[in-house]
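The values are calculated or read from the model by the stated rules, or taken from the named source; none is laboratory data. On a predicted model such as this, the values are computed, not experimentally measured, just so you know. All Cβ positions, glycine included, derive from the backbone under ideal geometry; neighbour counts span all protein chains shown.
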Amino acid sequence: MKDLAQGTISSPLGFKTNALHCGLKDSRNLDLGLIYSIVKANAAGVFTKNKIQGAHIGLDKLHLRDCFAQAIIVNSGNANCCTGKKGQQDIGAITLELARELDLKKSFVLAASTGIVGEFLPCKKILDKIPELAQGIDFSSAQQFAQSILTTDTCAKQSAVEFKIKGKRIVIGAAAKGAGMICPNMATMLCFITTDAYIEPAALKKALSLAVEKSFNCISVDGQMSPNDSVFILSNGLADNELICQQDSEFEIFTKALTYICLKLAKMIILDAEGATKIIQVKVKGAKTKKQARSVNSKIINSPLVKTMAAGENSNWGRIVVCVGTADAFFKPENIEIFLQGKCVYKNLCPALKVEAKHWFKLLRQKEWQIEVNLNAGNYEHTTWTSDLTPEYVKINMGYS
């Protein structure tokens with residue numbers, strides 16, 4: 001497997017894109033994007049577990065019943081969430097108009113929205129721009145598409161990898177957005193994945209589920225689950241490889257590559273978290289069950305005290321210990337071990353190591369933090385990533401309206 005320099009969602013064969021400004025954002029920034037496969041593609045999606053959901057999600061689930069799609073239209077600046085029947089009608093009208101313009105079945109068009117919740121979507125602004133959006137698709141606008149989906153992000157997030165299956169070159173490309181309202185069970189976050197692999201629909205759906213579970217479901221910025229979280233994948237088969245089925249060894253190769261690119265983008269989201277200065281990896285091991293490992297992990301990554309500890313570059317590891325104690329997990333307190341930046345700081349109910357202040361200063365100034373908890377109660381583990389919490393996060397969200 002190899003990372004492609006300047007890889008994008010147009011790196012796989014057969015994927016065109018376009019992006020433009022339609023007026024959803026006050027600025028002249030791009031706010032409407034389109035991905036288009038030149039042939040019908042197998043398709044799958046994973047969506048938020050929030051019971052309150054953006055209008056596009058119900059439509060996407062309906063359109064994905066047949067496991068095919070050929071286009072995805074995305075708007076930023078408005079989430080089209082908490083907008084009732086009008087929101088559903090608006091997204092339906094948009095996908096129908098795009099299907100007509102591209103001469104596709106309506107069910108072959110998927111949609112996504114991101115931005116302010118609770119405001120009606122200016123549907124006419126989008127409808128008026130659909131002819132221009134559809135007619136302008138090409139193989140060189142992937143960078144613009146990656147920009148068009150952003151909200152509070154400070155940079156575009158995209159990547160592509162190539163690998164071989166039985167001598168055939170296969171490429172997976174992806175673009176994502178997300179900087180706040182990020183919590184496990186996807187973290188607001190949108191991700192669009194393209195591949196020229198030839199893979200059966202059931203295998204594609206399973207591979208996406210496995211990849212999301214080990215990537216986007218393992219990050220948190222602020223513990224807030226967005227109602228619009230969505231991950232899409234289109235697979236058009238133009239790599240001309242033998243059909244990948246779930247029971248094949250090639251399925252594992254494909255899933256490994258897909259997981260790799262999803263985790264890479266998930267980490268990009270954490271690095272670009274609102275106001276963040278650090279990425280924090282939290283590994284909990286020695287748990288009695290996977291669920292208990294997740295519980296301990298969740299308490300740590302969503303703790304404002306732990307996150308501000310990282311922001312302040314201090315070694316107040318007692319905050320980590322306290323988080324562990326509140327988790328729904330079985331362990332004996334005397335068996336817990338806590339590691340910070342690779343140093344064991346807590347063991348046998350006592351401080352385990354006295355590190356000189358100047359040494360801590362050097363360790364804690366690093367952009368990447370590592371926290372490890374060993375419960376010594378079993379064989380299960382879970383790893384997640386989060387960011388620190390700074391005054392800039394508060395400033396950004398006080399003014400986001």
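Some observations on this one:
- Residue check for VAL355: surrounded by 12 or more Cβ atoms within 10 Å (Cβ to Cβ), at pLDDT 95 or above and either more than 27 Å from the chain's Cα centre (by Cα) or not assigned by TED's automatic domain parsing to the domain that holds LYS214 (or both): no
- Scanning region 238-265 for residues that are crowded, with 20+ Cβ neighbours inside 10 Å and not in a helix (DSSP H, G or I) yields LEU238, ALA239, ASN241, ILE244.
- Tally of residues being over 17 Å from LYS25 (Cβ atoms) and assigned to a loop (DSSP other than H, G, I, E, B) across region 82-117: 5
Listed here are the residues, each with its yes/no results for (1) under 29 Å from GLY167 (Cβ atoms); (2) polar (S, T, N, Q).
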| site | (1), (2) |
| --- | --- |
| LYS205 | yes, no |
| SER209 | yes, yes |
| SER215 | yes, yes |
| ASP229 | no, no |
| ASP240 | yes, no |
| SER249 | yes, yes |
| THR259 | yes, yes |
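- Scanning region 317-344 for residues that are part of a loop (DSSP other than H, G, I, E, B) and over 30 Å from the mean Cα position of the chain (by Cα), we see that the one that is nearest to ASN374 (Cα to Cα) is ILE336.
- Residues of region 15-32 classified as of a type in the set (Gly, Ala, Ser) and out of contact with any Leu (no Cβ under 7 Å at 6 or more places or on another chain), total: 2
- Pair list, Cβ < 6 Å and 6+ apart or interchain, from region 373-387 residues that are under 12 Å from ILE300 (Cα atoms) to residues that are among the hydrophobic types (A, V, I, L, M, F, W, C) and assigned to a loop (DSSP other than H, G, I, E, B): SER387/VAL221; SER387/ALA273; SER387/ALA276
Yes or no, residue by residue, for (1) within 20 Å of THR151 (Cα to Cα); (2) buried (at least 22 other Cβ atoms within 10 Å of the Cβ); (3) hydrophobic (A, V, I, L, M, F, W, C):
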{"site": "ASN29", "(1), (2), (3)": "yes, no, no"}
{"site": "ARG65", "(1), (2), (3)": "no, no, no"}
{"site": "GLN70", "(1), (2), (3)": "no, yes, no"}
{"site": "ASN78", "(1), (2), (3)": "yes, yes, no"}
{"site": "LYS86", "(1), (2), (3)": "no, no, no"}
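- Residue list for region 50-79, filter: part of a loop (DSSP other than H, G, I, E, B) and either modelled with pLDDT under 95 or hydroxyl-bearing (Ser, Thr, Tyr) (or both): ASN50, LYS51, ILE52, GLN53, GLY54, ALA79
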